[in-house]
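The values are calculated or read from the model by the stated rules, or taken from the named source; none is laboratory data. Remember, it's a predicted structure, so these values are computed and weren't measured experimentally. A quick note on method: Cβ atoms are made from the backbone with ideal geometry, for glycine too, and the neighbour counts reach across all protein chains shown. These area figures cover heavy atoms from the full protein model, side chains too; ligands, DNA and RNA do not enter into them. Shrake-Rupley method; radii C 1.70, N 1.55, O 1.52, S 1.80 Å.
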Amino acid sequence: MQAAHLDELVELEESYWWHVAKRQLALRLLQRYAPPPGRLVEGGIGSCRNLLEFREAGYDVSGFDVMPEAVELAHERGLSDVRQHDLSQPWPLDAGSVRAVVLLDVIEHIEDPVRVLQNAGETLAPGGCILVTVPAYQWLFGRWDEALGHFRRYTSGRLRAEAEQAGLKVKKLTYWNAFTLPAAIAVRTCQRIRPPQETSAEFPRVSRITNRMLLTCADAERWMIDRLPVPCGLSVVGVLCK
């Protein structure tokens, strides 16, 4: 992530529908599969807004990020147990010491995601889990992904295969954000027909009314995910365990 994108996250993660909905989904799944108390470690903390929410939910939170700016921001926001660290390297944590690991849109940025999942798995205590979200469908890969530094996009099958290579079991696997998939397909198609001269990694701004409508759609989809897997969407969500 570039420093400019971190600045954007600080601005958006508080209220922008995509960030809020993803955080709400993460909290729902964590409460179901690895509820607090216990230690929660987030890899790739970004603006650290998620860590603040996880702490509020009752977890003892820690975090890693490769960006010194992200670590400094976390310390400024009162999160002392956040360190600069490459997730591909062995994690400086005791084996079996972690209740939950959270990797929200992280492993698509890493060349060897299986290594990262292995490192995360080694920290898990009995009954712990890893919560992963990744962007869906390689055929949607485009300049926006390149601007964000993505190596790949995923299917549920690919995420399952990487989890199994890392020695992990899949407890839940579903797509998420199905309600914006048609719009994303339309945008990507137009970009291929008429490529933009420049591509920004910024999220498209929406009005307050649209933001609220999208959050309402996400609420409904989250209710669905509680009951059965969603068959398609812009993201894949996995809950993994040893």
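What list of ³J(HN,Hα) couplings, whole Hz, do you get for segment 45-56 from phi and the Karplus terms 6.51, -1.76, 1.60, once you set θ to phi - 60° and write x for glycine and proline?
7, x, 7, 6, 5, 5, 4, 4, 5, 5, 5, 4
Could you please tell me the mean projected area of the C-alpha convex hull for segment 101-234, averaged over all directions and given in square nanometres to one decimal?
Spelled out: convex hull of the Cα atoms, projected over all directions, averaged, 9.2 nm².
Pairwise over distinct Cα atoms, reciprocal of the mean inverse distance: report the Kirkwood radius of segment 3-73 in Å, one decimal place.
So the Kirkwood estimate lands at 12.6 Å.
Per residue of segment 85-94, what does 6.51 cos²θ - 1.76 cosθ + 1.60 with θ = phi - 60° give for ³J(HN,Hα)? Whole Hz please, x for Gly and Pro, Karplus curve as stated.
Using θ = phi - 60°, the values come out as 7, 7, 5, 6, 8, x, 7, x, 9, 5 Hz.
From the C-alpha gyration tensor of segment 141-219, pull out the three semi-axes of the equivalent ellipsoid (sqrt of 5λ each), sorted largest to smallest, in whole Å.
So the three semi-axes of segment 141-219 are 27, 20, 11 Å.
Show me, for segment 222-231, the HN-Hα J-couplings you get by feeding each phi into the Karplus relation (A = 6.51, B = -1.76, C = 1.60, θ = phi - 60°), rounded to Hz, glycine and proline as x.
Those phi angles translate into 4, 4, 5, 4, 4, 10, 7, x, 8, x Hz.
As a test of the formula, what do you get for the chain when each DSSP H run with n ≥ 4 contributes -39,500 (n - 2.57) and the sum is divided by the residue count, at 222 nm and rounded to the nearest 500 deg cm²/dmol?
Calculated at 222 nm, the ellipticity per residue is -13000 deg cm²/dmol.
For ASN177, what charge total do you get from the other residues with a beta carbon under 10 Å from its beta carbon, if Lys and Arg give +1 and Asp and Glu give -1?
Net charge around ASN177: 0.
Would you mind checking which residues have amide H under 5 Å from ILE130's amide H? H placed 1.01 Å from N; only 5 or more apart, or other chain.
It is VAL101, LEU240, CYS241, by chain and number.
Please list, in chain and number order, the residues 5+ apart from LYS172 or on another chain whose amide H is under 5 Å from its amide H, with Hs placed from the backbone.
Close amide H contacts, sequence-distant or interchain: VAL239.
Of all accessible surface on segment 117-160 at a 1.4 Å probe, what whole percent is carbon and sulfur?
Within segment 117-160, the accessible surface is 56 percent carbon and sulfur.
Between ARG143, ARG208, ARG152, which gets the highest mean-square fluctuation from a Gaussian network model of the chain, Cα cutoff 10 Å?
ARG208
Which residue fluctuates the most in the chain, going by a Gaussian network model with Cα springs under 10 Å, if the choices are LEU215, LEU25, LEU228?
Evaluated over the chain, the most mobile residue of the options is LEU228.
Once you keep just the Cα pairs under 8 angstrom separated by 6 or more residues, what percentage relative contact order results for the chain?
Computed value for the chain: 21 percent relative contact order.
Rounded, prolate or oblate for segment 12-140? Axes are the square roots of the Cα gyration tensor eigenvalues, ordered a ≥ b ≥ c, and the cut-off for rounded is a/c under 1.5.
It comes out rounded by the Cα gyration axes.
Compute a Gaussian network model of the chain, connecting alpha carbons closer than 10 Å, and tell me which residue from TRP223, TRP18, TRP144 fluctuates the most.
TRP223
I'd like to check one number: the per residue accessible area of the chain, probe 1.4 Å, reported in Å² as a whole number.
Solvent-accessible surface per residue comes out at 47 Å².
Please list, ordered by chain and number, the residues whose modelled amide H lies under 5 Å from the amide H of TYR154; skip anything fewer than 5 residues away on the same chain.
The list, which skips near neighbours in sequence, is ALA136, TYR137, GLN138.
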